[in-house]
Structures are given as structure tokens and as C-alpha cells.
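Some notes on the structure that comes next.
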């Protein structure tokens with residue numbers, strides 16, 4: 001079953017719609033949003049989770065403290081979820097007309113004003129259970145051009161289908177519902193996780209999937225090869241050649257027997273040794289390709305000192321941030337220097 005995306009309540013976000021500079025290329029939008037958030041937010045940008053979507057000549061940005069996104073999420077779901085987006089960001093792909101509508105996502109209620117297909121005004125509050133009071137709070141937060149509350153939609157469905165599409169439905173009391181399908185690609189810029197971390201996780205996921213397919217294919221290939229050899233033998237060699245084949249394969253059989261004994265020795269590893277190996281494998285799974293480890297020291301099964309080199313200091317800092325954002329490790333970059341386009345570093349990692 002495909003894992004469903006995670007919608008974060010709108011009430012935790014600061015939302016701002018900006019005009020996009022003329023000629024802004026799609027590849028430059030991330031940097032533009034990063035710079036804009038640093039300008040209008042009183043909180044350091046590296047403490048914020050942010051996402052955005054572009055419609056026409058405007059860009060709508062959602063930002064909040066990173067811990068508010070992670071709050072309440074189960075361990076592992078932060079990186080494994082297909083998408084983690086603000087609830088209202090889902091409506092950026094919906095076939096909505098112009099006007100003012102309210103969106104009840106379950107934990108929060110928001111008001112969105114749309115003109116010529118573009119979001120021009122937004123406000124959101126956490127639901128208190130008192131509908132009239134929630135609407136009054138919304139009116140006080142933003143200067144809407146007309147009354148709010150006449151059109152209220154509730155989230156009826158949001159699920160990832162087997163084909164990878166996302167099926168959505170919002171329902172309006174007494175006035176039917178709006179259904180549509182979108183894709184993960186259409187909502188990817190709204191994802192609140194670090195984009196470099198997402199790309200790294202997806203790359204590792206593809207590698208693991210390819211390795212799993214290869215492992216599953218080995219027995220089938222071996223069986224086909226064996227059948228082909230047996231068939232060829234009976235057609236060309238006869239019974240006497242079977243003994244020659246047995247003699248030829250005997251050294252291989254002894255090798256396999258010896259390897260089986262070695263596997264038995266590996267199984268005798270203590271749990272601490274296996275835990276240390278698992279920790280090293282986890283750190284290596286997040287390592288960018290242009291980072292090379294020159295020395296790894298295990299001070300304790302969960303305390304690891306990594307020394308290495310990279311093409312740039314930025315790559316090392318991104319690796320350190322990926323470890324911290326994983327939720328499974330604490331990382332401290334105790335030493336870093338750069339000489340002739342090569343960065344050397346010492347990184348202390350403590351696994352949780």
C-alpha cells in the first residue's frame with residue numbers, strides 16, 4: 001500500500017504572496033524564495049521549514065519553525081512520507097474559481113481570496129470548535145475584499161494512488177464537492193523538508209530498490225543457467241560426462257562450504273558489533289558522492305568520529321545538516337578547512 005502524504009495545519013504558517021521578478025527562471029526560484037524569507041522573517045532562515053508554489057506571475061510562500069513540522073510525527077515518517085506540505089497548499093492544484101473560500105482541513109481553518117486564478121489574500125487559525133468565533137478570528141487577521149464564511153469546504157479525501165497520482169476531494173455543505181487528481185511533482189516545491197535532503201534520500205532509495213531487484217534476480221538466473229547446463233549435458237555428453245562435471249564443480253562446492261562456515265562466524269557477532277556496523281551504514285547512506293572518508297573511529301557503538309575530504313565546505317555542511325535532519329543522529333562539525341579547492345573536516349556523530 002502506498003504511504004499517504006502528511007498535511008500540516010495551516011495555522012502554524014506565515015504565508016506571503018509575492019510578485020515574481022520578470023525573467024525569473026524556474027531553476028532560480030528556490031534561491032529567490034530563500035532570499036525573500038531571509039528578508040521578511042525575523043527568525044533565522046536555517047531554523048525555518050518552507051515551501052512554495054508559483055501561479056502566473058506570483059509566488060506564494062509558506063514558512064514556519066522546523067520543529068512545528070516535526071512535532072507529533074512518528075519516528076521515520078519525516079523522511080519516508082511522499083510529501084509533507086501545508087494543508088492549503090493542496091488547493092494550489094485544485095480547479096477553484098475566483099472569490100473567497102474557507103478550507104477546513106480538520107485541525108485548522110483558513111480563508112483564501114483568489115482573483116484571476118491567483119492567491120491574493122490568506123489567513124488561518126487553529127480550530128476551536130466554535131465556528132462563528134473561528135470566522136471572526138479569520139476576519140481580524142486579514143483584510144479581505146468581501147465577507148468570508150459563505151463558502152466553506154472540508155477535506156474529504158487526500159490519498160496517494162498505486163499509480164503515483166494523488167486523488168483529492170473537498171466537499172461543501174449542501175453544494176456538492178470538487179474532485180481532482182494531481183501528482184507529487186506538481187506539489188514538490190510545497191514540501192517543507194530540505195530539498196537537498198529529499199534528493200539525497202530519493203537517490204539512496206533508488207539504489208536500494210535496484211539492489212533488491214538484482215538480489216531477487218540471482219536465484220532465477222542461476223536456476224536457468226543450471227537447467228541449460230543439464231540440458232546441454234544430456235544432449236551432448238551423456239552419463240559419463242556427468243562425473244567429469246561433478247569433478248569440475250567439486251572445488252566450487254568446497255569453496256561454498258568454507259563460505260558457509262564464515263557466515264556462521266559472522267552470525268556469532270555480538271549485538272554491539274552489529275549495532276556499530278548498522279550505525280556506520282546509516283552514516284554512509286547519507287554521504288554525498290563527492291565526500292570521501294579518510295578515517296572513521298568508533299569511540300563507542302553510538303559515538304563515531306569521521307575524518308575526510310570534500311570538494312567544498314558547502315558539501316560538508318549539507319552532509320552535517322542531513323545527519324541532523326534525519327532525526328537519528330546528532331552531528332558536530334568540530335574542524336573544517338579548505339586548501340586548493342579541497343575541504344578537510346572532522347565530524348563528531350552521536351547516534352540516538
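Values computed for the structure shown
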item	result
Shape category assigned to the stretch 271-351 from the gyration tensor of Cα positions, a/c cut at 1.5	prolate
Percentage relative contact order, the stretch 6-193, counting C-alpha pairs under 8 Å, at least six apart	23
Ellipsoid semi-axes in whole angstrom, largest first, where each is sqrt(5λ) of the Cα gyration tensor of the stretch 42-89	22, 15, 8
Calculated SAXS-style log₁₀ I(q)/I(0) at q = 0.18, 0.24, 0.26 Å⁻¹ - the stretch 89-181, Debye, Cα scatterers	-0.82, -1.32, -1.46
Cα-Cα separations in the stretch 6-193 greater than 30 Å, expressed as whole percent	16
Over 24 Å [Cα-Cα, the stretch 27-129], rounded percent	31
Cα-based shape type of the stretch 79-135, given that a ≥ b ≥ c are square roots of the gyration tensor eigenvalues and the cut on a/c is 1.5	oblate
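Every number in this text was worked out from the coordinates using simple rules, so none of it is lab data. In this text, all values refer to a predicted model and were calculated from it rather than measured experimentally.
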